[in-house]
Every structure is written in C-alpha cells, then in structure tokens.
Amino acid sequence: MKDRITAFVAILLLASLAGVSYWYSQSARLKKISSPVSREGPDFVAKGVTLTQFDDTGRATNRLHAGELAHFAADDRSELVQPRLISLRPGQPLLEARSKSALVEGGGERVLLSGDVVITRAPGKDGAPPMRLRTQRLIAVPDLDQYSTDAAVEVERGDSVVRSIGMDYDNVERTVKFRSKVRGTIAATAPPIEAAQ
C-alpha cells in the first residue's frame, strides 16, 4: 500500500511539473509574439502614401496623398505631413485641399487640415470660374464634400474676392456661407456667391 501512495504522489508531481512547464513555455512564446502597441507613439509610419475612397459602385470619390502618415492605434487617428485631399465626385469640378499637416479622425470621417490651407476648385463645366480658398485651419468632411473653418478666410472666385472670419463651404451644392466680418469685392461678371452673416 505504501508503494502505491509513493507512486501516486510521484505521478502527481510529474504531471504538475509537466503542466507548469507547458504553461510557462506557452506564456513565454506568446509574450514574444504579441508586443503591445505603444499608447504614446504610432503603431506604424508610412511615407509617400496615397489612399483612395470608393462609393458603392466602385467609383473613386476621394483621394488622399501625404508625404508621411503616422497611425496611432490607441485612438485610431492618423497624423499627416503635407496632405492633399482631392474630391473626385462625378459631375462636380475637381477640388483639391492642401496644407502643411492634417489629423484624420473617425476612420476618415473628419480631416482637420492646418497650416497654410489652400483649397482650389477647377472651373465648372457650366462656365463657373475657378475658386481658391485660403485659411490657417479647416475641417473637411470628405463623405459630404463639405469644408468649414472658424478662422480668417479669403475666397477668390474669378475676379471676386471675399474675406471673412469663419466659413462653411459645400462643394456639392457649390455654396459658401460666410460667418462674420465679411468684406469683399464681387466682380460684375462673376456668378453670385451666397453670403450669410
């Protein structure tokens, strides 16, 4: 009987040792594989990036170019250096927004452009003159093709020039709403620019 108890205790100790050894080897292997993402730094950085957004029919609607993109997994944001956001909507004049830097939030739902922001819109097929918009910061909503700022802004459209503090621009409707301190010169030959204070 005593031999049986000794054998049973020996088997139990060996099984425990084998189980602990297996658990330790698996946890050590998993630690090597899964290195946690830093909450302070980017999880990846890419240079010379081009991203294209497509609609349900497979047609390109927006294209984003950047000299450098840094993605932060902790809050799913991307920081861009020298971004160019191009609206490629069919039936609309080509629109391009450039700046020194940008912050992309919500999986691309909002793009916060900052530093020497310039938007240019090509002439329309209906004869509408080209447009150029300048400001220091701008919020772009690419899915709606809308742009807004609360900063000083200057809009040139043909020979017309309007300056204001704050503005909302809808590229689909091709309307501009100026918010305050609106000053400008509207050329007689230019189609009217919608302005509201």
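Can you give me the distance in nm between label points at Phe54 and Gln146, each placed 7 Å from the Cα along the Cα-to-Cβ direction?
2.7 nm
Which one is right for this structure if Cα extents along the principal axes in Å is calculated from it: (i) 108, 53, 40; (ii) 113, 36, 28; (iii) 65, 37, 34?
(ii)
How much length, in nm to one decimal, is gained on full extension between Arg4 and Ala46, taken as 0.36 nm per residue of separation minus their Cα-Cα distance? Kindly include the intermediate steps, with their values, before the conclusion.
Values: separation 42, 0.36 × 42 = 15.12 nm, distance 6.59 nm.
Once the chain is fully extended between Arg4 and Ala46, it gains 8.5 nm.
By a straight-distance test (C-alpha under 19 Å), which aspartates and glutamates pair with Lys125 as possible cross-link partners, with residues fewer than eight away in the same chain excluded?
Correct list for Lys125: Glu96, Asp145, Glu156, Asp159, Asp170, Glu173.
Compute, for the range 87-160, the length of the dipole vector about the Cα centre, with Cβ point charges of +1 (Lys, Arg) and -1 (Asp, Glu) only. Units Debye, rounded to 20. The partial results should precede the final answer.
Details: 10 positive and 11 negative charges, 33 e Å.
Once rounded to the nearest 20, the dipole reads 160 debye.
Estimate the FRET efficiency between Trp23 and Arg110 by the formula 1/(1 + (r/R0)^6), using the beta-carbon distance for r and 41 Å for R0, to the nearest 0.05. Please list the in-between numbers first.
Values: r = 46 Å, r/R0 = 1.12.
Here the calculated transfer efficiency is 0.35.
With runs of 4+ DSSP H residues as the only contributors, calculate the mean residue ellipticity of the chain at 222 nm using -39,500 (n - 2.57) per run, divided by the residue total and rounded to the nearest 500.
Details: 1 runs with 32 residues, N = 197.
The helix contribution divided over the chain gives -6000 deg cm²/dmol.
Can you find, among Val172, Gly108, Val141, the residue sitting farthest towards the positive end of the charge dipole of the chain, where Lys and Arg contribute +1 and Asp and Glu -1 at Cβ?
Result: Gly108, furthest along the dipole toward the positive end.
Tell me the per residue accessible area of the range 56-190 using a 1.4 Å probe; a whole number in Å² is fine. Numbers along the way, then the final one.
Numbers: 6670 Å² over 135 residues.
Here the residues of the range 56-190 average 49 Å² of exposed surface.
What size of dipole, in debye to the nearest 20, comes out for the chain about its Cα centre when the only charges are +1 on Lys and Arg C-beta atoms and -1 on Asp and Glu C-beta atoms?
On the way: 27 positive and 24 negative charges, 107 e Å.
Here the chain has a charge dipole of around 520 debye.
Report the label-to-label distance for Lys100 and Leu13 in nanometres (one decimal), using points 7 Å from each Cα along the Cα→Cβ vector.
7.2 nm
Evaluate the relative contact order of the chain (contact order divided by residue number), counting alpha-carbon pairs under 8 angstrom at least 6 apart; express in whole percent. Could the numbers behind the result be given before it?
Numbers: 415 pairs, mean separation 19.5, N = 197.
Reported relative contact order: 10 percent.
Identify, among Val162, Pro123, Phe54, the residue whose Cα sits farthest towards the positive end of the charge dipole of the chain, taking +1 on the Cβ of Lys and Arg and -1 on the Cβ of Asp and Glu, with the dipole about the Cα centre.
Phe54
If the reach is capped at under 15 angstrom between alpha carbons, list the aspartates and glutamates near Lys47, excluding any in the same chain fewer than eight residues apart.
Glu68, Glu79
Where the accessible area of the chain is counted over protein heavy atoms with a 1.4 Å probe, how much of it, in %, is carbon and sulfur?
Working: 7020 of 12450 Å².
Looking at the chain in its full context, I get 56 percent from C and S.
The values are calculated or read from the model by the stated rules, or taken from the named source; none is laboratory data. Treat the numbers as computed from the prediction; the structure is a model and nothing was measured. We place every Cβ from the backbone using ideal geometry, glycine too, and count neighbours over all the protein chains shown. The protein model used for the area step is the full one, side chains on, heavy atoms only, and it has no ligands, DNA or RNA in it. Shrake-Rupley method; radii C 1.70, N 1.55, O 1.52, S 1.80 Å.
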